[in-house]
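Please read the structure below before turning to the comments.
The values are calculated or read from the model by the stated rules, or taken from the named source; none is laboratory data. Note that the structure is a prediction, hence the values are computed from the model and not measured. We place every Cβ from the backbone using ideal geometry, glycine too, and count neighbours over all the protein chains shown.
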Amino acid sequence: MGKVYLVGAGPGDKELITLKGIRAIEEADVILYDRLINQELLNYARSEAELIFCGKEPKLHGVIQDEINRLLVQYGTEGKVITRLKGGDPFIFGRGGEEALVLEKANIPFEVVPGITSGISAPAYAGIPLTHRGLSGSVSFINGSNPESRSLKEWQHIANGTETLCFYMGVRNFPKTAEYLIQAGLEKTTPVAIIHWGTTNKQKTIVGTLETITDRLDEITNPSMIVIGQVVLLHDQLQWFNKQALENAGASSL
């Protein structure tokens, strides 16, 4: 019987993967990798390792996930070492739990290698601490892909339950999300930041409020992380990554 490593590849910066994650790539006979991982991580794979792309299109998640589950069981039953390389963290909106359940049912040994999720890393690279004394002592991570599936009571819980809100997969439907959050009690002036391709050289951040940010959504697409709360106000002072990129660009032009 083989073994499966469910590995979090981190948010995009290749240096943010763990040492254990790199070792799992190096040891794998088969690597099933996602669309949003840094492709340079595959350079750690052995030359004879089989690399299988498992990218998901927005409306085909279920179909592709079924195929991924089938491949994990197939290769695991064949006695191979499989590394399932997933963007961010396997257990934070990564369907790692579903894959682990499939492996458990098939009696295939597996190990979870946590990764740095975009919910904490993208804001950090944008100079937004999710908690900050006097501004926020609590954080929620929320799937933003289908805001209309939640009741007003659920939105009230989200709006009032914590001081910082982080929405994954929520750009396309954010106008509805903003509308529901305002209906649920958040002020229209609540600060919002949207961070596109966080931690990579394509990173871009736009800032506004629940009322104004929707007018700027044409400037940004997925993959993006949305942060809502007073901590967003620290972005202008703490955006170290953008300053570093500008400094590096200046140095390279000398």
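Exactly one of these conditions fails for E104: (1) surrounded by fewer than 20 Cβ atoms within 10 Å (Cβ to Cβ); (2) of a type outside the set (K, R); (3) under 21 Å from L42 (Cα atoms). Give me its number.
Unmet condition: (3).
Only one residue in K86, K14, K80 is farther than 27 Å from N201 by Cα, of a type in the set (K, R) and surrounded by 15 or more Cβ atoms within 10 Å (Cβ to Cβ), so which one is that?
After ruling out the rest, the residue left standing is K80.
State whether one or more residues within segment 174-184 are within 19 Å of the chain's Cα centre (by Cα) and modelled with pLDDT of 95 or more.
Kept after step one, since they are within 19 Å of the chain's Cα centre (by Cα), are these residues of segment 174-184: 174, 177.
Next cut, modelled with pLDDT of 95 or more only: 174, 177.
Looking for residues that are within 19 Å of the chain's Cα centre (by Cα) and modelled with pLDDT of 95 or more, one finds at least one in segment 174-184, hence yes.
Being touching a helix residue (DSSP H, G or I) at 6+ places or on another chain (Cβ under 9 Å) and buried (at least 16 other Cβ atoms within 10 Å of the Cβ) narrows it down to one residue among P175, P191; which is it? Can you show your working first?
Working: P175 fails: buried (at least 16 other Cβ atoms within 10 Å of the Cβ).
None of the other options fit; the residue is P191.
Within segment 102-127, how many residues are of a type in the set (A, V, I, L, M) and more than 16 Å from the chain's Cα centre (by Cα)? Walk me through it before giving the result.
Of the residues in segment 102-127, the ones of a type in the set (A, V, I, L, M) are 102-103, 106, 108, 112-113, 116, 120, 122, 124, 126.
Filter once more, so that each one left must be more than 16 Å from the chain's Cα centre (by Cα): 102-103, 106, 108, 112.
So the answer is 5.
Which condition breaks for G96 when tested against (1) in the same structural domain as I52 (by TED's automatic domain parsing); (2) surrounded by fewer than 19 Cβ atoms within 10 Å (Cβ to Cβ); (3) touching a strand residue (DSSP E or B) at 6+ places or on another chain (Cβ under 6 Å)?
Result: G96 fails condition (2) only.
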